1. Hey, among the residues in the range 248-301 that are β-branched (V, I, T) and part of a helix (DSSP H, G or I), which one's farthest from F328 (Cα to Cα)?
2. Only one of these is without any contact (Cβ under 8 Å) to a residue 40 or more places away in the chain and more than 30 Å from the chain's Cα centre (by Cα): D310, D246. Name it.
3. Regarding T320, is this residue in contact with a Ser or Thr (Cβ under 8 Å, 6 or more places away or on another chain), surrounded by fewer than 15 Cβ atoms within 10 Å (Cβ to Cβ), in contact (Cβ under 8 Å) with a residue 12 or more places away in the chain and not acidic (D, E)?
4. Being under 24 Å from S216 (Cβ atoms), among the aliphatic types (A, V, I, L, M) and in a loop (DSSP other than H, G, I, E, B) is true for just one of I118, I139. Which residue is that?
5. Have a look at V29, V3 and point out the one that is farther than 21 Å from H229 by Cβ, β-branched (V, I, T) and assigned to a helix (DSSP H, G or I).
6. Got a number for residues in the range 142-172 being assigned to a loop (DSSP other than H, G, I, E, B) and either surrounded by 19 or more Cβ atoms within 10 Å (Cβ to Cβ) or within 13 Å of the chain's Cα centre (by Cα) (or both)?
7. Suppose we filter the range 56-95 for residues that are in a strand (DSSP E or B) and either over 14 Å from C5 (Cα atoms) or hydroxyl-bearing (S, T, Y) (or both); how many remain?
8. Got a sec? Which of D314, D310 is in contact with a His (Cβ under 7 Å, 6 or more places away or on another chain), assigned to a strand (DSSP E or B) and outside the structural domain of I139 (by TED's automatic domain parsing)?
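The values are calculated or read from the model by the stated rules, or taken from the named source; none is laboratory data. Treat the numbers as computed from the prediction; the structure is a model and nothing was measured. Cβ atoms come from the backbone with ideal geometry, glycine included; neighbour counts cover every protein chain shown.
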Amino acid sequence: MRVSCLQENLAKGLSIVSRAVAARSTLPVLGNILIETDQSRLKLAATNLEIGISCWIGARVDEDGGTTVPARTFVDLINALPQGQVDMDLAVKTQTLSVRCGRFANNVKGVDKEEFPIIPKPDEHNAIHIAPDALRQMIDQVVFAAAADESRPILTGVLAKFSGKTLTLAAADGFRLSVRTTALEDGVDEPLEVIIPARALAELGRISGDQVDPISITVTPQRSQILFHLTNIDLVSQLIDGKFPDYTAIIPKATTTKTIVDTGLLLKACKAANVFAREAANIVRVNIVPGDELTPGHITIGATSAETGDNAGDLDASVTGTPIEIAFNVKYLIDVLNVAGANQVSLETSHPSAPGILRAIGDDAFTHVIMPMHIGGR
């Protein structure tokens, strides 16, 4: 292999694929990045056997070939090189990659590419297409609600339901639920449900920032893997086997109080309350009072810590229904308000021990459910 490319393009490609490198593995080659020529371009790839990312960058290919190099060594080296042309030459017999840039000369010891796992390629004939902005928003509004605890593997994933021309993503961790729907460009002939690891979707959101063309999605016939095809980037992920809980049963069918409030102001009130709530199991009290002919309705967010003090943030709100005091985990409120994507949100409640529903005003496609926390003395 003899190939030349720009340092900045190589560094960007490595930043895309390096997140899929295995941190610890019994297979040493999984700690490496595959570098090989592919139809007059340079292909970079990494996998930890759960997620695989491939990226193609422009290059001048003088001789075809490829190898794998230690990810950390190679990424750190390329980032340290000056901008300009990088020339790479592989000594096949010793699997040593010569890397030259300007007056810098380096030799990186690699491992034969034949030891690197094969990463599947997407089948464009059976692909589902979705606008990148819509998919990124879905990912932002859903993945944070997936469980981090591996004790229930199903909940570390995100349910993806393809039905007609609609895609629904849902994630839950036992304390909250996030559901988002969006329209597909061409739809599906038959309904399809798969559970995608939340980490894979988070990586997809990260690498799709510059994507303009629709993203194509394919599921392997065995329904064991899902593949996302972007311009010059492919991401493949294992799917989680099992049945996702019926999330529709968690969403309250009726509520007695609806509170509409400015998203930014509510977020600031929650962040202020978090200063004290973090010392008290993250509990904040939410006191909602309807208005009358003389005074507007209002919502008060308050937290108390025996060690550090207390606070209360009072906000004007449009309140319909009955007064209520309910407690939530303030971190969960901050998480959802950060991704609500609307100037105003509504909080729908019914009882201090019943879940609350948070929706973005003007966007019926997003629903978030938060379980209440127990208030002492009740």
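1. T248
2. Working: D246 fails: more than 30 Å from the chain's Cα centre (by Cα).
Exactly one of D310, D246 is without any contact (Cβ under 8 Å) to a residue 40 or more places away in the chain and more than 30 Å from the chain's Cα centre (by Cα), namely D310.
3. Values: in contact with a Ser or Thr (Cβ under 8 Å, 6 or more places away or on another chain): yes; surrounded by fewer than 15 Cβ atoms within 10 Å (Cβ to Cβ): yes; in contact (Cβ under 8 Å) with a residue 12 or more places away in the chain: yes; not acidic (D, E): yes.
Yes.
4. I118
5. Values: V3 fails: assigned to a helix (DSSP H, G or I).
Exactly one of V29, V3 is farther than 21 Å from H229 by Cβ, β-branched (V, I, T) and assigned to a helix (DSSP H, G or I), namely V29.
6. First pass over the range 142-172, keeping only residues assigned to a loop (DSSP other than H, G, I, E, B): 146-152, 164-165.
Those still in the list that are either surrounded by 19 or more Cβ atoms within 10 Å (Cβ to Cβ) or within 13 Å of the chain's Cα centre (by Cα) (or both) too: 146-148.
The number of residues fulfilling the criteria is 3.
7. Number of matching residues: 7.
8. From the options D314, D310, the qualifying one is D314.
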